[in-house]
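Derivation of every value follows stated rules applied to the coordinates shown; laboratory data play no part. Computed from a prediction, not measured in an experiment: that's the story for all the values here. With ideal geometry, Cβ positions are generated from the backbone for all residues, glycine too; neighbour counts draw on all protein chains shown.
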Amino acid sequence: MYPANHSQSRDLYQRALKSLPGGNTRTTVYMKPFPIYAASGAGCRVRDVDGNEYIDCINNFTSLIHGHAHPALIEAATKQLALGSAFGMPTESEVELAELLTARLPSVDHVRFCNSGTEAVMMALKAARAYTGRPKIAKCEGAYHGSYDYAEVSLDPTPAAWGGNAPVSVAYAKGTPDNVLADVVTIPFNDVEAAVSLIREHGPELACVLVDPMPNRAGLVPADRAYVEALRQVTREVGALLVFDEVITFRLGYEGAQGLWGIDPDLTTLGKIIGGGFPVGAIAGGKKFMSVFDPSSGKPALPHGGTFSANPVTMRAGLAAMKLLDTAAYSRLDRIGTAVRDGINAAFRKTGVAGTAVGLGSLLKIHFTDRNVRDYRSAYLSEMEAKRLAVFTTRLLNRGILVASYGLMALSLPMTDADVDTIVKAAAESLEEVAA
Ligand code: PLP
């Protein structure tokens with residue numbers, strides 16, 4: 001499978017099998033016959049434990065927008081480490097990062113930090129329930145929001161479970177309680193009429209509608225403006241909160257996807273890039289919604305702590321990372337993203353393989369289909385498409401380009417124009433092998 005030498009990775013995996021289930025800690029990084037173990041990273045490149053080098057288009061699943069080991073982030077984190085890595089007291093760093101985020105996001109007055117996107121989504125859903133006093137949440141079929149039970153519902157229903165046109169709430173993980181399924185309304189992505197009708201139907205019980213404006217697992221297709229506008233309008237109509245999951249899409253622009261779409265959600269979840277490479281999450285939103293966390297008048301409606309929430313090393317690295325992301329940085333990311341998408345789409349046309357590269361800004365995803373991909377169902381891979389994708393990602397890996405197994409690519413600022421050309425050339429060559 002791997003033409004390069006990977007004996008150290010193979011040995012490490014054998015060791016890992018003895019102390020980790022299936023040798024694994026993150027399902028997302030598992031691959032057969034064994035995963036390739038990272039040793040170090042610098043800029044847009046990663047070196048594995050056998051000394052092989054790759055251009056990294058995974059970037060820790062989009063969290064590394066400045067690539068690896070950026071000097072400004074190292075300086076920020078190590079300065080804080082020397083001052084102490086964690087306190088049972090607040091620090092100025094959390095105030096500064098909250099100030100930066102509230103200045104960038106017009107919909108946000110207040111921010112609350114936590115340790116992951118999963119936790120941010122969980123707390124946002126709990127906040128919506130606490131604020132409205134209602135039990136149910138609505139989410140889009142196929143959209144990934146981390147591993148809170150409610151957010152996982154209908155993450156990967158198979159065609160056998162689709163049950164006609166209307167999405168159904170299907171458990172993702174074994175052990176999901178039935179009452180979780182009963183409290184999640186699954187709506188179709190990018191289908192205004194069906195989504196609005198389901199939200200109206202469950203309206204009086206709905207605490208919130210959770211939406212990722214460009215859901216990675218459901219195809220990485222941007223939401224139609226009309227769709228998010230309809231969600232904004234109908235949530236106001238039924239008295240539910242609109243929650244934007246921007247854990248990934250905050251990467252798309254200075255004001256995130258909400259700035260690009262011109263929508264003010266009630267709550268926003270953040271993560272990934274705002275931690276400068278360290279574990280992070282945040283719930284953000286209008287003051288009245290965020291007041292459920294406020295302890296200043298006694299026990300809050302929604303108490304929330306977390307030993308490592310607002311950790312000062314994360315906050316300092318996050319601040320350094322965010323300060324580097326000015327509008328010029330986003331323009332560059334848009335430019336290189338367009339170049340890679342255009343290059344891969346040209347290669348699809350040239351080879352005659354059915355497929356497309358979709359996405360926005362620095363994010364793209366490869367689909368091996370000539371269907372018009374608009375939502376989870378149209379993005380759903382047939383067996384043949386899944387095989388083609390596996391060949392493509394493996395051939396890219398053999399050419400020294402790391403992409404996620406499900407076809408996601410996240411670019412980073414250290415990538416030069418020459419790196420972009422290398423990625424496009426490797427993708428074109430790999431597509432020719434898929435065609436053969
Ligand atoms: N929400 C979205 C849109 C995500 O893509 C992810 C992770 O990829 C999460 C939430 C969960 O974030 P984390 O992996 O930090 O828990």
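Pairs of alpha-carbon atoms within less than 8 angstrom and 6+ residues apart define the contacts here; what relative contact order does segment 1-130 have, in percent?
14 percent
Taking 0.36 nm per intervening residue step and subtracting the Cα-Cα distance, what contour gain separates ARG236 from ALA328 on full extension?
On the way: separation 92, 0.36 × 92 = 33.12 nm, distance 3.52 nm.
This chain segment gains 29.6 nm when fully extended.
Calculate the translational D of segment 94-189 in whole µm² s⁻¹ from Stokes-Einstein, where the hydrodynamic radius comes from the Kirkwood formula applied to all Cα pairs, the temperature is 25 °C and the viscosity 0.890 mPa s.
165 µm²/s
How do PHE392, PHE244, PHE308, PHE293 rank when sorted from fewest to most other Cβ atoms within 10 Å of their own Cβ? Mind dumping the intermediate values first?
Values: PHE392 22, PHE244 32, PHE308 15, PHE293 18.
Taking fewest neighbouring Cβ atoms as first place, the list is PHE308, PHE293, PHE392, PHE244.
Hey, rough spin-label estimate for THR338 and THR307, points 7 angstrom out along Cα→Cβ, what's it come to in nanometres?
Each label point lies 7 Å from its Cα, and together they span 4.8 nm.
Taking the Cα atoms of segment 277-332, what is the range of coordinates along each of the three principal axes, in descending order and whole Å?
Rounded to whole Å, the extents work out to 46, 25, 14 Å.
Quick one: which of LYS32/LYS387; LYS126/LYS272; LYS272/LYS350; LYS139/LYS272; LYS79/LYS272 span more than 25 angstrom between C-alpha atoms? Show your work: numbers first, answer last.
Working: LYS32/LYS387 14 Å; LYS126/LYS272 21 Å; LYS272/LYS350 36 Å; LYS139/LYS272 21 Å; LYS79/LYS272 21 Å.
Long pairs (Cα-Cα over 25 Å): LYS272/LYS350.
Which of the aspartates and glutamates could a cross-linker bridge to LYS425, judged by Cα under 14 Å and excluding same-chain residues fewer than eight apart?
Reachable aspartates and glutamates: ASP342, ASP417, GLU433.
Once each part is reduced to its C-alpha centroid, what is the distance from segment 101-143 to segment 263-308 in angstrom?
Cα centres, segment 101-143 to segment 263-308: 7 Å.
For ASN179 and THR102 in one chain, what is 0.36 nm times their gap in residues minus the Cα-Cα distance, to one decimal in nm? Please report the intermediate quantities before stating the final value.
Details: separation 77, 0.36 × 77 = 27.72 nm, distance 3.58 nm.
Full extension of this stretch gives 24.1 nm more.
Measure off 7 Å from each Cα along the Cα-to-Cβ vector at THR158 and LYS425, then give the distance between these two points in nanometres to one decimal.
About 4.3 nm, to one decimal.
Report relative contact order for segment 71-324 in percent, whole number only (criteria: Cα-Cα under 8 Å, sequence separation at least 6). Let's see the in-between values first.
Values: 515 pairs, mean separation 74.8, N = 254.
Relative contact order comes out at 29 percent.
Using square roots of five times the C-alpha gyration tensor eigenvalues, list the equivalent-ellipsoid semi-axes of the chain in whole Å, biggest first. Don't jump to the answer; show the numbers that get you there.
Values: eigenvalues 221, 155, 86 Å².
Each semi-axis is the square root of five times an eigenvalue, giving 33, 28, 21 Å.
What's the exposure ranking of THR91, THR393, going from fewest to most Cβ atoms within 10 Å?
Details: THR91 17, THR393 22.
Ranking THR91, THR393 by Cβ neighbours within 10 Å, fewest first, gives THR91, THR393.
Over 21 Å, how big is the tail of the calculated P(r) for segment 225-298, in percent of all Cα pairs? Present the calculation step by step, with values, prior to reporting the outcome.
On the way: 916 of 2701 pairs.
Result: 34 percent of Cα pairs exceed 21 Å.
Show log10 I(q)/I(0) for segment 132-252 at q = 0.18, 0.19 Å⁻¹, two decimals, from a solvent-free Debye sum over equal Cα scatterers.
Scattering profile of segment 132-252, log10 relative to I(0): -0.91, -1.02.
Taking the Cβ of each residue in LEU396, LEU81, LEU12 as the centre, tally the other Cβ atoms inside 10 Å and list the residues starting with the fewest. Spell out each step's value before the answer.
Numbers: LEU396 24, LEU81 12, LEU12 18.
With the fewest neighbours first, LEU396, LEU81, LEU12 line up as LEU81, LEU12, LEU396.
Can you list the residues of segment 75-109 with backbone N under 19 Å from a point 7 Å past the Cα of ASP294, pointing along Cα to Cβ?
Label zone hits: 95, 98-99, 102-103, 107-109.
Kirkwood Rh over Cα pairs of segment 122-171 into Stokes-Einstein at 25 °C, 0.890 mPa s: D in µm²/s? Write out the running numbers ahead of the final one.
Values: Rh = 11.9 Å.
Result for D is 207 µm²/s.
How long is segment 376-430 along each principal axis, judged by its Cα atoms, biggest number first, in Å?
Cα extents, longest axis first: 35, 22, 14 Å.
If eta is 0.890 mPa s and T is 25 °C, what Stokes-Einstein diffusion coefficient results for segment 77-137, Kirkwood Rh from Cα pairs, in µm²/s?
Working: Rh = 14.0 Å.
My calculation gives 175 µm²/s for D.
Percent antiparallel among DSSP beta bridges with both residues in the chain, to the nearest 5?
Working: 26 of 43 bridges.
Antiparallel bridges: around 60 percent, rounded to the nearest 5.
Determine by what factor the alpha-carbon radius of gyration of segment 71-324 differs from 2.2 N^0.38 Å, reporting the quotient.
Values: Rg = 18.1 Å, N = 254, 2.2 N^0.38 = 18.0 Å.
Its radius of gyration relative to the 2.2 N^0.38 Å reference: 1.00.
Can you tell me how much longer the chain between LEU20 and THR416 gets when fully stretched, taken as 0.36 nm per residue apart minus their C-alpha distance, in nm with one decimal? Walk me through the numbers on the way to the answer.
Numbers: separation 396, 0.36 × 396 = 142.56 nm, distance 3.77 nm.
Computed gain between LEU20 and THR416 is 138.8 nm.
Normalised by the residues of the chain, what does the relative contact order come to in percent, with Cα pairs under 8 Å and at least six apart? Can you show the working numbers first?
Working: 849 pairs, mean separation 87.8, N = 436.
Relative contact order here is 20 percent.
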